[in-house]
Every structure is written in structure tokens, then in C-alpha cells.
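Worksheet: one structure, shown below.
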Amino acid sequence: MGMTMTQKILAAHAGLESVRAGQLIEANLDIVMGNDITTAVAVKEFAKTGAKSVFDNEKVVIVLDHFTPNKDIKAAEQCKCSRNFANSMDIKNFFDVGQMGIEHALLPEKGIVSCGQVIIGADSHTCTYGALGAFSTGVGSTDMAIGMATGKAWFKVPGAIKFVLTGKPAKWISGKDIILHIIGKIGVDGALYKSMEFVGDGIRYLSMDDRFTMANMAIEAGAKNGIFPADEKAIAYAEKHGAKTPVIFKADDDAEYDETITIDLSTLRPTVAYPHLPENTKTVDEAEKDRIRIDQVVIGSCTNGRLEDMKIAADILRGKQVDKSVRTIVIPATQQIYLDCIRLGYTEDIVKAGAVFSTPTCGPCLGGHMGILASGERCVSTTNRNFVGRMGATDSEVYLASPAVAAASALAGYITGPENI
């Protein structure tokens, strides 16, 4: 029986000729990552192992991004704990304020992650790196601690769903629209503990930023990971960013999939996820009829804070003014993206339109800071989750959308698409 992309990567890292869905394995890790929230917990568990050093100080990565710059004393203490640990262990890839970015945009940008690797991170959206043809998945802080100490982790090999992407997306259709459409189709548990493997000739039309967005939100369908083939675009990205030599794993022709779903990208419309689940999707055309007034727009996060996202926002906002009743917050995902936005004029376009342009931070995505919602308020956000109370008050509402829809809605004052601006 053949293996999927994910199964081949796991077999290679477990030193096995083959693996099958449901099998328990111990795999060697290429990267172990934590942030300012999860590292502080992992440090306590790491101490219990008795380890005096991490397994490899270049393969452990710590990024202070969720509540930073520190929003309060507790956040400051978490960062201090993480900082002290990183210094004591001589962690080479430690990113503090001024160097940090949102972790899942920063690691690919810095060339820390590459094709064919096995990566765990104490953050659920670690599945982002599947865009590079890697197996990456989120774990708890205890697993992070053991990974830091031993360089190994246990996995149950996942089964897989094959998503065959065909056709060319229309203008304004991005990776966010595609993955929201898929989650709306299969549900938030539709890929529970499975690998979402994206294949098909439609992939060639997707930029790396599109792919990062789609892999990032695999967890929102309950998946263990999302993964794309490491094609020419992925390899070129890895090489451009100085990543380790890409290792390519291709699914066998006779690989076994639990299900195969075909998506014709040419038929998709901009998509919005209504409260309070990412599966609660409607097209922007349907949303337009609902005429939903909004109080805030957030463009950023590990899902949609990359340069391509900033460009889309700037292109739509340029020369216009956001609705006076809509607080519009734009957050580039890394310092480099911030600098690129300044160099390319995006920052000026966004600020002149009446929006806030922030230092990189996860901030409002998890209801941390820099954009908390009050009772009854509505927000269109390019983030990844819209659970009850996700961004603030439990009776506030979050509508997930692409940067194009978010920017257009900021101008209109209600949910609408870029074609209507």
C-alpha cells in the first residue's frame, strides 16, 4: 500500500520504510517552536525532565508575539520567563520585540523551516508550514518541553483527505476564500485528525502566501496538518529565504485516502465566515444582501499578515477613506514586511485612509490587545477563528474574510466585496 505525502515524511523521520494510518511512531524533529504564552508553561515541564540543555540550540525556536509588546504585567512576566530560558539555553533563534514577528510568518521568512521537515510548535496554527511540503503540527506545552529535551515526539500517523484543486481563481479570490469555502463544505470537524493534502493543476495559480493561508487554517477543519506538494514555487521560496536544502516527498500513486474532494477554483466567490464558527460560511454576495454594519476591521495575523495581504489592503484603500464608524487596524506579520510596506508606499496609503498601522503582533486575533471588541460590536477580520468571545466581549461578533473583503468593508461600513467599491 502506498503512502501520502505526510506519511512519507513521518516514515523517513521515524527511520521506517513505511507507516500506515493509525500507527504510533516516534519521529525525529527538525524544529520545536514556542511563543510567549506556551513557552512559559513548557519551561516548567522542561525542568521536570532533568535535562540541562535543549537537544539542539539551533532547532529550538522561541518567538514573543502574542501579547507583545507586553500588554500587562502578566504578559511581561511570561516574556521574561521565556527570555531567561532562551538566554540560559543559548537559543539561537530567539525573537524578542524589535526582531520578532508573528511566528508562523517569521519562521518561513527567516528560512528556519523548509520542505520535507517535521516541525512541532506549541501553537495550533503551526500547520502553516505545510505550504512548503513539510509536516508541521501544533502540540501542547508538555510535548514542546519533551521535544526541546529529546528532539523527538510521538505521533499517531494520520489518514488523509485529498483536495484536488482545479481551474484558475477569479480576481480577488485568495487562499483565504478557498480555505473558508472548504471548511464551509466539510465542517470544523470534517478533517478531524487527518492530513489535508492539496493537489491538482489549480495549485499553480496559488502564490506561496495563498498556500500559507490555506495550510494555516487546516486546523479549523480539525486536521492534524495541511500540506502542499513542494513544487517549483515552494522550492524557490525556500532557497530565496536561505532555508536548509529542500527534501521532496511525493505521494505514491496508490496512496490511500479516506476521501477525495474536487474544488473548481474558477467557480468560487469571495467568502465570509459568519459567527461563531469558521464553517458558517456565505459568499460575499449573500453577505451584501444582509447589509451587516460593522464597528472594526482587522487585517493581519498569521493567516493574512503577509506582504501580499498588505498590498491588497493598500490597493483597495489607496486614495479613499475608511468609514468614520469603523476602526481599521492593519498589522504586518513581521518587521521585514513592515519595512517593505514603508518602502513600497503601502503604509502611507493605509494610514492616509484613516487606518492604524501597527507593529507586528498577534494582538487582537486572540482577544489579547490592540483591538478588543466591546459588547455587541462586530468585526470583519482576516484572522482564523471567530468563536464566541474570541476578540473580546462574549456577545461581540467576528466575521472572517480575506484582506480584499476586509478592506472593502472598512470603506463601506458594512460587509461587502472589493467589486462594490
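The values are calculated or read from the model by the stated rules, or taken from the named source; none is laboratory data. Keep in mind it's a predicted model, so treat the numbers as computed, not measured. Please note: Cβ atoms are built from the backbone with ideal geometry, for glycine as well, and neighbour counts cover all protein chains shown. When the accessible area is computed, the model is the full protein with side chains, heavy atoms only, and any ligands, DNA or RNA have been set aside. Shrake-Rupley method; radii C 1.70, N 1.55, O 1.52, S 1.80 Å.
Of note:
- Share, in percent, of DSSP beta bridges within the chain that are antiparallel, nearest 5: 20 percent
- Cα gyration tensor category, rounded, prolate or oblate, for region 40-102 with a/c compared to 1.5: oblate
- Ellipticity at 222 nm from helices only: DSSP H runs of n ≥ 4 in the chain, each -39500 (n - 2.57), divided by the residue count, give -9000 deg cm²/dmol.
- For the listed residue pairs K44/K224; K74/K176; K240/K282; K152/K244; K52/K74; K48/K92, the alpha carbons are over 31 angstrom apart in K74/K176; K240/K282.
- Looking at region 220-364 alone, DSSP beta bridges between its own residues are antiparallel in about 35 percent of cases.
- The local environment of P246, defined by Cβ-Cβ distances under 13 Å, has a net charge of 0 under the rule Lys, Arg +1 and Asp, Glu -1.
- Computed with a 1.4 Å probe on the full set of protein chains, the accessible area for R83 sits at about 70 Å².
- Accessible surface of region 125-218 [probe 1.4 Å, protein heavy atoms]: carbon and sulfur percent: 53 percent
- Computed with a 1.4 Å probe over protein heavy atoms only, the accessible area of Y414 comes to about 40 Å².
- Fraction of accessible area attributable to carbon and sulfur, region 1-107 (%, probe 1.4 Å): 49 percent
- GNM flexibility winner over the chain from Q321, Q23, Q296 (Cα, springs under 10 Å): Q23
- Note that the chain presents 38 Å² accessible area per residue, ligands and nucleic acids not counted, probe 1.4 Å.
- Calculated P(r) of region 64-176 - Cα pairs past 24 Å, %: 37 percent
- Of the three principal axes defined by the Cα atoms of region 348-421, the extents in descending order read 31, 26, 20 Å.
- Comparing T126, T150, T38 in a Gaussian network model of the chain where C-alpha atoms under 10 Å apart are linked, the largest mean-square fluctuation is found at T150.
- For V398, nonlocal amide neighbours, meaning residues 5 or more places apart or on other chains whose placed amide H falls under 5 Å from its own, are C379.
- Added length on full extension, which subtracts the Cα-Cα distance from 0.36 nm per residue, T260 to Q336: 23.5 nm
- Calculated from backbone phi, Karplus (6.51, -1.76, 1.60) coupling profile of region 199-209 in Hz, x at Gly/Pro: 9, x, 6, x, 4, 4, 8, 9, 6, 5, 5
- With DNA, RNA and ligands ignored, accessible area of T283 (1.4 Å probe; Å², nearest 10): 40 Å²
- Region 106-154, relative contact order in percent, only Cα pairs under 8 angstrom and at least six apart counted: 30 percent
- Label assignment, volume of the Cα convex hull per residue in Å³ derived from the structure, set (1) 204; (2) 166; (3) 125: (3)
- Of all accessible heavy-atom area on region 272-421, the percent that carbon and sulfur account for (1.4 Å): 51 percent
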